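First comes the structure, then the notes that go with it.
The values are calculated or read from the model by the stated rules, or taken from the named source; none is laboratory data. Values in this document were obtained by computation on a predicted structure and should not be read as measured data. Calculation scope for accessible area: heavy atoms of the full protein, side chains included, ligands and nucleic acids excluded. Shrake-Rupley method; radii C 1.70, N 1.55, O 1.52, S 1.80 Å.
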Amino acid sequence: MLPEDALGQVRGWIAAAARIVVLTGAGISAESGVPTFRDAQTGLWAHFRPEDLATEDAFRRDPQRVWDWYAERREALRTVRPNAGHAALARFAARHPGRLTVVTQNVDGLHQAAGSPDVLALHGNLSEDRWLDPCPLAGRGAPGCGAALAEPGRPPRCVQCGNPLRPAVVWFGEMLPERALARAEQAAAACELMLVVGTSGQVWPAAGLVHAARAAGARVVVVNPAPTELDDVAHVVLSGTSVQLLPRLLET
Ligand code: APR
């Protein structure tokens with residue numbers, strides 16, 4: 001099938017679908033300048049894998065290194081903006097209220113910044129923090145963790161009990177936010193069409209949503225410049241980047 005035919009076929013499916021789910025991964029932010037996870041780590045982090053840093057054990061073992069990695073990623077996010085792929089999804093949702101559910105593995109907040117409503121962020125948000133442990137003083141008449149004392153290069157700690165703050169993202173081995181995952185599973189089971197954009201499909205349970213949508217009878221389309229683990233679950237694979245393809249697919 002020529003690319004134009006495939007594009008035309010998927011545009012037809014989009015026009016006919018009452019409920020569409022878009023599952024996105026790091027690739028949709030690549031053209032905003034945000035490195036993907038499976039690209040080689042660059043700079044200071046070249047000799048680390050995300051799997052070595054994005055875990056609670058790594059944070060407990062060396063809070064400063066993990067905190068610094070996230071601080072550098074946060075700093076980099078200050079200068080990036082949503083790209084035409086994010087914008088195409090937000091515009092479609094504005095023109096067709098209630099038809100499009102964005103489920104993202106990304107923690108960069110770019111879908112939200114582009115104006116997509118009600119984004120289901122399965123892996124949390126890099127711009128938020130939360131306490132590492134329950135407060136040991138809570139319930140003993142003390143109000144629990146409140147003010148955090150920031151120290152250069154170290155995670156801020158609760159001034160009362162020393163509890164450190166940690167990024168409010170889901171680390172490897174941690175449970176995903178229950179409500180977001182449940183809503184994503186419901187949307188995947190009910191949609192007529194799922195677009196899978198910019199994810200290698202290597203991380204579950206996010207990747208499982210694609211299998212669930214297919215099993216429930218949805219059409220599945222992968223949008224990616226390279227092969228992914230989800231290509232064999234797709235009815236159509238569109239080889240290209242999200243900026244190249246999403247605006248052409250969604251301008252209906
Ligand atoms: N447009 C679309 N896709 C792209 C682009 C682009 N411009 N550039 C790269 N890609 C694709 C790559 O081909 C790859 O398939 O994006 C995908 C990125 O895959 P990963 O780096 O594995 O990122 P992701 O799938 O989001 O990882 C899932 O793993 O590390 C954990 O929690 C982290 O959420 C992350 C999860």
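Rolling a 1.4 Å probe over the protein chains gives Leu176 an accessible area of about 30 Å². Computed from Cα positions, the angle between helix 84-95 and the longest principal axis of the chain comes to roughly 70 degrees.
Of the DSSP beta bridges with both residues in the chain, give the percent that are antiparallel, rounding to the nearest 5. Around 25 percent of the beta bridges assigned by DSSP in the chain are antiparallel ones.
Which percent of the accessible area of the chain is formed by carbon and sulfur heavy atoms (probe 1.4 angstrom)?
Details: 6570 of 12110 Å².
Solvent-exposed carbon and sulfur of the chain make up 54 percent of the total.
Assuming 0.36 nm per residue, please report the length gained on full extension of the stretch Ala190 to Ala215 beyond their Cα-Cα distance. Before the final figure, lay out the partial values.
Numbers: separation 25, 0.36 × 25 = 9.00 nm, distance 1.07 nm.
In short, 7.9 nm is gained.
A probe of 1.4 angstrom, applied to the heavy atoms of all protein chains, finds Arg60 with accessible area near 110 square angstrom.
Would you mind getting the accessible area per residue of the chain, heavy atoms of the protein chains only, 1.4 Å probe, in Å²?
Values: 12110 Å² over 252 residues.
Per-residue value: 48 Å².
Kirkwood's formula applied to the C-alpha pairs of the chain gives a hydrodynamic radius of 19.3 angstrom.
In the chain, helical runs assigned H by DSSP with n ≥ 4 each contribute -39500 (n - 2.57); averaged across all residues and rounded to the nearest 500, the mean residue ellipticity at 222 nm is -10500 deg cm²/dmol. Sequentially through the range 52-66, phi angles give Karplus couplings (6.51, -1.76, 1.60; θ = phi - 60°) of 7, 10, 8, 9, 5, 4, 4, 5, 5, 6, 8, x, 5, 5, 5 Hz, Gly and Pro residues having no value and appearing as x. Over the range 90-138, one equal point on each Cα, no solvent: what is log10 I(q)/I(0) by the Debye formula at q = 0.24 Å⁻¹? Treating every Cα as an identical point scatterer, log10 I(q)/I(0) equals -0.87. For the range 38-188, the calculated P(r), taken from all Cα-Cα distances in 5 Å bins from zero up to the bin holding the longest distance, is 2, 8, 15, 17, 17, 15, 12, 8, 4, 1, 0 percent. Rounded to the nearest 10 degrees, the inclination of helix 178-190 to the longest alpha-carbon principal axis of the chain is 10 degrees. Extension gain, Arg74-Arg183: 0.36 nm per intervening residue step, less the Cα-Cα distance, totals 36.5 nm. Compared with the direct C-alpha span, the chain from Ala94 to Gln244 gains 51.9 nm at full extension, assuming 0.36 nm per residue. Taking amide hydrogens as placed 1.01 Å from N in the peptide plane, the amide H of Gly124 sits under 5 Å from those of Val170, each at least 5 positions away in sequence or on another chain. Among beta bridges from DSSP that stay inside the range 30-178, the antiparallel ones total about 75%.
Between helix 3-16 and the chain there is an angle of about 80 degrees, using the helix long axis and the longest principal axis of the Cα atoms. Only protein heavy atoms count here; under a 1.4 Å probe, Leu165 has an accessible surface of about 30 Å².
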